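Attaching a single structure in structure tokens format; questions to follow.
The values are calculated or read from the model by the stated rules, or taken from the named source; none is laboratory data. What you are looking at is a predicted structure, and each value in this text was computed from that prediction instead of being measured. Cβ: placed from backbone, ideal geometry, glycine included. Neighbour counts: every protein chain shown. All accessible areas refer to the heavy atoms of the entire protein, side chains included, with ligands and DNA or RNA removed. Shrake-Rupley method; radii C 1.70, N 1.55, O 1.52, S 1.80 Å.
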Amino acid sequence: GHTPPGGIVAATLRADESSIVLEVRDTGDGIAPDELPYVFDRFWRGDSQDRGSGLGLAICREIVTAHQGQIWVESEPGRGSRFHFTVRLKQPHGTSNPYAFDFEVWALERNLRALGRGQVGVQIHHAQ
């Protein structure tokens with residue numbers, strides 16, 4: 001699925017002392033239950049055969065697992081999707097270089113905003 005023009009992509013970022021948890025949800029088409037097991041497979045594109053190479057989520061999975069994290073998706077057709085991932089921090093938040101964490105969060109927010117490309121609204125939420 002995808003988020004049509006005028007839709008919303010919202011991200012919620014949480015951090016604790018050892019990891020970052022990110023949830024990205026959208027108001028798009030959603031993903032059929034029988035397709036969910038395949039969304040992180042290389043070259044999988046579901047019913048959107050006219051867009052993309054099918055590598056984006058496979059690359060995300062490789063990056064997240066390389067950083068000892070987890071990635072998963074929840075979706076309901078017609079109601080959108082929620083992608084989640086966790087990544088362990090090399091240096092726990094609040095230790096010797098607190099600015100490194102702040103920069104990583106800033107860079108993540110910048111990249112998420114770029115996803116909208118003026119077509120969808122992007123909202124960033126920092127959870128406590």
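Using beta carbons and a limit of 6 Å, which pairs, at least six apart or on different chains, have the first residue in the stretch 58-76 and within 24 Å of His2 (Cβ to Cβ) and the second one open to solvent by 70 Å² or more (accessible area, probe 1.4 Å) and in a strand (DSSP E or B)?
Every condition considered, the pairs that remain are Glu74/Arg82.
I'd like to check something: does the stretch 49-61 contain any residue that is on the phi < 0 side of the Ramachandran plot, at pLDDT 85 or above, of a type in the set (D, E, K, R) and buried (at least 17 other Cβ atoms within 10 Å of the Cβ)?
Yes; the residues of the stretch 49-61 include at least one that is on the phi < 0 side of the Ramachandran plot, at pLDDT 85 or above, of a type in the set (D, E, K, R) and buried (at least 17 other Cβ atoms within 10 Å of the Cβ).
Oh, and also: Just a yes or no: is a residue in the stretch 107-121 modelled with pLDDT of 90 or more, surrounded by 13 or more Cβ atoms within 10 Å (Cβ to Cβ) and under 14 Å from the mean Cα position of the chain (by Cα)?
Scanning the stretch 107-121 turns up no residue that is modelled with pLDDT of 90 or more, surrounded by 13 or more Cβ atoms within 10 Å (Cβ to Cβ) and under 14 Å from the mean Cα position of the chain (by Cα).
Going through Phe83, Phe40 one at a time, which residue ends up being part of a loop (DSSP other than H, G, I, E, B), open to solvent by less than 60 Å² (accessible area, probe 1.4 Å) and either polar (S, T, N, Q) or at pLDDT 90 or above (or both)? Talk me through it step by step, then tell me what you get.
On the way: Phe83 fails: part of a loop (DSSP other than H, G, I, E, B).
After ruling out the rest, the residue left standing is Phe40.
While we're here: Kindly check whether there is at least one residue in the stretch 19-37 that is at pLDDT below 90, open to solvent by less than 50 Å² (accessible area, probe 1.4 Å) and over 19 Å from Glu74 (Cα atoms).
yes
Also, quick follow-up: So is Thr12 surrounded by fewer than 17 Cβ atoms within 10 Å (Cβ to Cβ) and polar (S, T, N, Q) or not?
Numbers: surrounded by fewer than 17 Cβ atoms within 10 Å (Cβ to Cβ): yes; polar (S, T, N, Q): yes.
Answer is yes for this residue.
Identify, please: which residue in the stretch 62-73 is part of a strand (DSSP E or B) and open to solvent by 70 Å² or more (accessible area, probe 1.4 Å) and is, among those, modelled with the lowest pLDDT?
Gln70
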